[in-house]
Structures are given as structure tokens and as C-alpha cells.
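Asker: Starting off with a structure, shown below.
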Amino acid sequence: HLAALVLARGGSKGIPLKNIKLLAGVPLIGWVLRAACDAGVFHSVWVSTDHDEIEKVAKQFGAQVHRRSPEVSQDSSTSLEAIREFLNQHPEVDIVGNIQATSPCLHPSDLIKVADLLQKEGFDSVFSVVRRHQFRWSEVKKGENKMTEPQNLNPAKRYRRQDWPGELYENGSFYFAKRHLIENGYLQGGKMAYYEMRAEHSVDIDIDIDWPIAEQRVLRFGYFGREPLKEVKLLVCSIDGCLTNGRIYVTEDQKQMVSYDYRDIVGIDLLKKRGIQVRLISERDCSKTLSAMQLGCVAKASATNKLQVLEDWQKDMGLSWKEVAYLGNEESDVECLRKAGMSGVPADACVVAQKAAGYICKSNGGCGAVREFAEHIFLLLEKVTSARKQ
């Protein structure tokens with residue numbers, strides 16, 4: 001019995017509830033759970049956690065949940081202690097693959113090859129490494145009167161990168177081991193093998209400053225599921241609270257005004273230049289506002305049923321839902337957010353809309369959220385192009 005186990009404690013010194021924080025629109029732990037479930041080599045996929053919210057996300061992505069004890073949920077608790085507790089309660093498991101939640105660029109193909117090493121080639125433990133081309137020097141501590149020394153190079157004859165094979169380093173993405181090793185206190189031992197991952201897949205999030213970098217890497221090199229990605233052909237944007245900040249200004253002569261951010265208009269223009277249609281929707285009668293904004297977009301005002309409008313547009317254009325993106329912010333947008341292949345909300349959207357969306361912008365409505373979501377779409381298009389080339 002080969003089991004995948006993701007350790008996801010609720011406490012985190014660096015980022016609160018880091019394991020379920022959205023990364024490129026998906027909870028961090030969701031990226032590795034998707035890869036583990038789609039690999040098809042595990043008899044069971046588990047998340048070991050002490051937190052209710054993490055448990056909910058784990059089940060949402062198809063994993064079973066092991067509720068770890070307080071004794072192995074401390075800041076000082078080790079991975080080995082948590083894995084041993086899991087094995088004590090699951091005697092059916094013969095091999096455990098400890099997959100790190102903070103490695104979002106893991107692919108099923110890597111896990112399939114590791115399973116073969118264990119089950120077909122007889123290795124007792126396999127762990128992930130990445131090749132690096134970095135020159136190392138000895139450390140000189142403050143106050144020591146000595147010179148640093150080269151560790152892996154001759155300064156008089158420095159290698160060019162293409163002439164040097166580099167060195168292998170653990171990247172922490174996963175550690176597979178048979179039960180008897182872990183019971184004896186080892187994550188690595190017996191007949192050992194390393195598995196070399198591609199450098200672009202070796203993303204590890206440890207501190208908050210890594211997050212935006214990781215989002216860019218995941219969108220380019222992450223695993224998005226079995227179904228092939230498709231290019232977005234249509235973006236439907238709710239006007240009030242997304243394109244505008246949702247406020248209506250009333251003058252003394254009872255005229256209504258709204259404001260919008262020029263960055264969002266640029267975002268709409270960029271989408272059009274990439275061949276993506278942009279259509280607008282609103283529950284209120286804002287036809288005069290739309291005329292004044294002169295955006296050149298198809299729009300539907302006084303939309304009492306946004307989902308019906310979205311479905312009509314999708315069918316008229318002959319698009320699959322994977323080719324439709326939706327940006328909303330209110331409870332009336334929830335069904336549209338769930339239906340669209342790509343969905344987003346501004347940072348100040350209502351809670352139910354945030355839960356239904358795949359991507360939460362850092363910008364508020366009317367303050368650059370449309371432009372930000374457009375950039376998110378462009379990055380996904382790069383991912384689609386890259387997948388086609390591969």
C-alpha cells in the first residue's frame with residue numbers, strides 16, 4: 001500500500017495558514033494534492049493536519065484527513081514524528097510518500113517515476129533533488145583571522161556553466177520511504193535513490209517574499225490538471241464593484257456619477273489587442289454611464305439574471321466554459337464565478353464571492369482590479385502556449 005502524505009500544520013511562524021493561502025488562485029496545498037491524486041499511483045492520499053479549515057480544503061481536493069495529535073503539532077515537532085504517528089494509526093500502509101505542501105510545481109509524472117523506483121526497482125527510499133550551478137566558499141566567522149577557501153572550484157580556472165555539470169541538492173519536494181525505515185527513525189536509508197526534478201519545478205515557499213515569485217513560476221510551470229488548458233476568449237466583468245468602486249455620487253441637481261481607474265481601461269484595451277472579447281454586465285440601469293465611458297464593449301444593463309446572460313453569450317460565441325473568464329464581486333455573481341473556467345474577484349469583494357472565485361485580486365474594485373485580472377489571464381495564456389510547445 002503506497003500512501004501519499006502531506007503534512008499541513010495550522011501554525012506557521014512566517015505566513016498564517018500558509019498551506020491554504022491562495023497561490024495563483026488555488027490554495028497552496030491544492031497544487032500538490034491535485035498532482036498526487038492525478039498521478040494514479042497512490043492507494044490513498046492523506047493530509048495530516050490539526051486545523052479545521054485545512055481539513056476542509058484537503059477534502060475539497062480529494063484527500064483523506066488524518067487529525068494529528070497536539071503532541072506532534074508543536075513548533076518543535078519534526079516531520080518524522082508526524083509521519084510515525086500517521087503510520088501507527090494506519091497499519092495498512094507499507095510505503096509513505098511525504099510530499100511537501102510548499103512545493104506547488106510538482107507534477108504527476110514525477111510521482112509516477114518515483115513509484116516505479118520503489119515498486120519495480122526495489123529501492124527502500126527515494127527523495128527529490130535539484131541540480132544547481134553554484135560555487136561554494138568556506139565560511140569565515142566574525143573575529144576569525146583567516147581567509148575563505150574555495151569548496152568546489154579552482155578560482156584560477158572557473159568553469160563556465162555549460163562546462164560544469166553542477167551539484168545535486170535536496171529540494172524538499174518529497175521523501176518516500178518504506179515503513180520499516182520510518183519506524184526505525186529514518187526518512188532516508190536502506191537502498192537509496194534520488195530523483196532529479198527539473199529546476200523550474202523546484203519551487204519552495206518558505207517566506208512571504210517568495211510568494212509573488214512563486215505565483216509567476218506556478219502559472220508558467222505548474223500542473224493544472226488532466227484536462228488541457230484552453231485560451232480565454234471572453235472576459236465578462238461586473239461593472240459595479242469591479243470596473244467601478246461600487247459608489248454612486250449624486251450632485252446637487254440629482255445627477256449620478258461613478259468613477260473608474262484608467263489602469264482598468266488600459267487592461268481592457270490590452271485584452272482586446274490579444275483577441276479576447278470583453279463584455280460588461282450590471283444589475284442596475286447604467287446605460288447612460290456606459291455611453292459616457294465609451295469603452296466600446298458589448299454590455300448588458302438591468303440584468304436580473306446574470307448567469308442567464310453569461311450562458312447566452314457563451315453559447316452565441318460557441319465557447320466552452322474553459323474559454324470564459326468572469327470578474328465579479330457580489331452574491332449575484334457567485335453562480336457565474338462557479339461556472340466560468342477562470343474566475344476572479346477584487347480584494348474587497350463580499351465573502352461568498354471570494355469563496356466562489358479562483359483568484360482574489362490584490363486590488364480593490366475600481367482601483368486596478370480589472371487590469372490585475374487581465375495580467376492574470378495573460379500569464380495563463382503563456383502557460384497554454386508553453387503546454388502546446390511541450
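Asker: Remind me, what semi-axes does the range 336-378 give for its equivalent ellipsoid, largest first in whole Å, using sqrt of 5 times each Cα gyration tensor eigenvalue?
Answerer: Three semi-axes, in Å: 15, 13, 6.
Asker: With point charges of +1 on the Cβ of Lys and Arg and -1 on the Cβ of Asp and Glu, referenced to the Cα centre of the range 112-178, which listed residue (F174, L153, F123) lies farthest in the positive direction of the dipole?
Answerer: Value computed over the given set: L153.
Asker: Next question, about the same structure. If R₀ is 22 angstrom, what is the calculated FRET efficiency for the pair D52 and K21, using the beta carbon separation as r and rounding to 0.05?
Answerer: After rounding to 0.05, the efficiency reads 0.90.
Asker: A further question follows. What is the range 135-202 by shape, rounded, prolate or oblate, if you read a ≥ b ≥ c off the alpha carbon gyration tensor as root eigenvalues and call it rounded for a/c under 1.5, prolate for a/b larger than b/c, and oblate otherwise?
Answerer: oblate
Asker: Once a ≥ b ≥ c are taken as the square roots of the eigenvalues of the Cα gyration tensor of the range 1-76, is the result rounded (a/c under 1.5), prolate (a/b larger than b/c) or oblate (a/b not larger than b/c)?
Answerer: It comes out oblate by the Cα gyration axes.
Asker: Whole angstrom only: what separates the Cα centroid of the range 352-372 from the Cα centroid of the range 147-197?
Answerer: Value for the Cα centre distance between the two parts: 41 Å.
Asker: Further question: Cut-off under 20 Å on the C-alpha distance; same-chain residues fewer than 8 positions from K21 excluded. Which lysines are left, in chain and number order?
Answerer: K13, K56, K59, K355, K362
Asker: How many nm is it between the label spots at D269 and T304, if each spot is 7 Å from the Cα in line with the beta carbon?
Answerer: In this crude label model, D269 to T304 measures out at 3.8 nm.
Asker: Working out 0.36 nm times the residue gap between K141 and Q354, then minus their Cα-Cα distance, what length gain in nm do you get to one decimal?
Answerer: Numbers: separation 213, 0.36 × 213 = 76.68 nm, distance 4.95 nm.
Here the answer is 71.7 nm.
Asker: For the chain, take the longest principal axis of its alpha carbons; what is the angle in degrees between that and the long axis of helix 369-389, to the nearest 10 within 0 to 90?
Answerer: Around 50 degrees separate the two axes.
Asker: Given only helices, namely DSSP H runs of n ≥ 4 each adding -39500 (n - 2.57), what is the per-residue ellipticity at 222 nm of the chain, to the nearest 500 deg cm²/dmol? Don't skip to the end; give the middle numbers.
Answerer: Working: 12 runs with 123 residues, N = 390.
Result for the chain: -9500 deg cm²/dmol, rounded to the nearest 500.
Asker: What FRET efficiency comes out for the pair T78/E331, r = Cβ-Cβ distance, R0 = 51 Å, nearest 0.05?
Answerer: That pair, T78 with E331, gives E of 0.70.
Asker: Right, here's the next one. Springs between alpha-carbon pairs under 10 angstrom, Gaussian network model over the chain: which of K120, K230, K157 fluctuates most?
Answerer: Its mean-square fluctuation being the largest, the pick is K157.
Asker: Hey, another quick one. Using the heavy atoms of the protein chains alone and a 1.4 angstrom probe, what is the accessible area of the chain per residue in square angstrom?
Answerer: I get 51 Å² per residue for the chain.
Asker: Determine ³J(HN,Hα), in whole Hz, for all residues of the range 266-278 in sequence, where each value follows from phi through the Karplus function 6.51 cos²θ - 1.76 cosθ + 1.60 and θ = phi - 60°; x replaces Gly and Pro.
Answerer: Working through the residues one at a time gives 4, x, 5, 4, 5, 4, 4, 5, 8, x, 9, 6, 10 Hz.
Asker: Take Q216 and Q134, extend 7 Å from each Cα along the Cα→Cβ direction, and tell me the distance between the two endpoints in nm.
Answerer: With each label placed 7 Å out from Cα toward Cβ, I get 1.9 nm.
Asker: In terms of the ratio Rg/(2.2 N^0.38 Å) built on C-alpha atoms, what value belongs to the range 2-219?
Answerer: For the range 2-219, the normalised Cα radius of gyration is 1.11.
Asker: Something else: Working from Cα positions, state the angle (0 to 90°, nearest 10) between the long axis of helix 306-316 and the longest principal axis of the chain.
Answerer: The helix 306-316 is inclined about 90 degrees to the chain.
Asker: What is the magnitude of the charge dipole of the range 2-219 about its Cα centre, with +1 placed on the Cβ of each Lys and Arg, -1 on the Cβ of each Asp and Glu, and no other charges, expressed in debye to the nearest 20?
Answerer: My answer is approximately 640 debye.
Asker: Also, I was wondering about something else. If I histogram all Cα-Cα distances within the chain using bins 20 Å wide from 0, what percent of pairs lands in each bin?
Answerer: 24, 46, 26, 5, 0
Asker: Need one value: the accessible area of S320 in square angstrom, 1.4 angstrom probe, rounded to the nearest 10.
Answerer: Roll a 1.4 Å probe over it and S320 shows about 40 Å².
Asker: Treating only the Cβ of Lys, Arg, Asp and Glu as charged (+1, +1, -1, -1), what charge dipole size does the range 162-259 show about its Cα centre? Round to the nearest 20 debye.
Answerer: 540 debye
Asker: For the chain, modelled as a GNM with alpha-carbon contacts under 10 angstrom, which of S291, S73, S128 fluctuates the most?
Answerer: Maximum fluctuation in the GNM of the chain, among the listed residues, is at S291.
Asker: Collect residues whose amide H, placed 1.01 Å from N in the peptide plane, falls under 5 Å from the amide H of R9; neighbours closer than 5 in sequence don't count.
Answerer: Answer set, sorted by chain and number: none.
Asker: First measure r as the distance between the Cβ atoms of E196 and D285, then evaluate 1/(1 + (r/R0)^6) with R0 = 41 Å and state the FRET efficiency to the nearest 0.05.
Answerer: It comes to 0.10.
Asker: Any chance you could run the full-extension gain for E183 through K113? It's 0.36 nm times the residue separation minus the Cα-Cα distance, nm to one decimal.
Answerer: 22.7 nm
Asker: Just to be sure I understand: of the beta bridges DSSP finds with both ends in the chain, what percent are antiparallel, rounded to 5?
Answerer: Working: 18 of 55 bridges.
The answer is about 35 percent antiparallel.
Asker: For the range 234-388, what class follows from the C-alpha gyration tensor (a ≥ b ≥ c being the square roots of its eigenvalues): rounded when a/c is under 1.5, otherwise prolate if a/b is larger than b/c, else oblate?
Answerer: Verdict is prolate for the range 234-388.
Asker: Something else: Sequence neighbours fewer than 8 away in the same chain don't count; with that in mind, list the lysines whose C-alpha is under 19 Å from K120.
Answerer: K178, K191
Asker: Per-residue HN-Hα couplings for the range 95-111, Karplus 6.51 cos²θ - 1.76 cosθ + 1.60 at θ = phi - 60°, whole Hz, x for Gly and Pro?
Answerer: Once θ is set to phi - 60°, the couplings for the range 95-111 become 10, 10, x, 7, 9, 6, 5, 8, 10, x, 9, 5, 10, x, 4, 5, 5 Hz.
Asker: As I understand it, the value is the acute angle between the Cα axis of helix 79-89 and the longest principal axis of the Cα atoms of the chain; what does it come to in degrees, rounded to 10?
Answerer: The angle comes out at about 90 degrees.
Asker: Take every DSSP beta bridge whose two residues both sit in the range 2-219, then give the antiparallel share in percent to the nearest 5.
Answerer: 45 percent
Asker: Which of these, Y169, Y359, Y249, has the largest mean-square fluctuation under a Gaussian network model of the chain (Cα springs below 10 Å)?
Answerer: Of the options given, Y249 has the highest mean-square fluctuation.
The values are calculated or read from the model by the stated rules, or taken from the named source; none is laboratory data. Only a predicted model underlies this, so the values are computations on that prediction, with no experimental measurement involved. Cβ atoms come from the backbone with ideal geometry, glycine included; neighbour counts cover every protein chain shown. Calculation scope for accessible area: heavy atoms of the full protein, side chains included, ligands and nucleic acids excluded. Shrake-Rupley method; radii C 1.70, N 1.55, O 1.52, S 1.80 Å.
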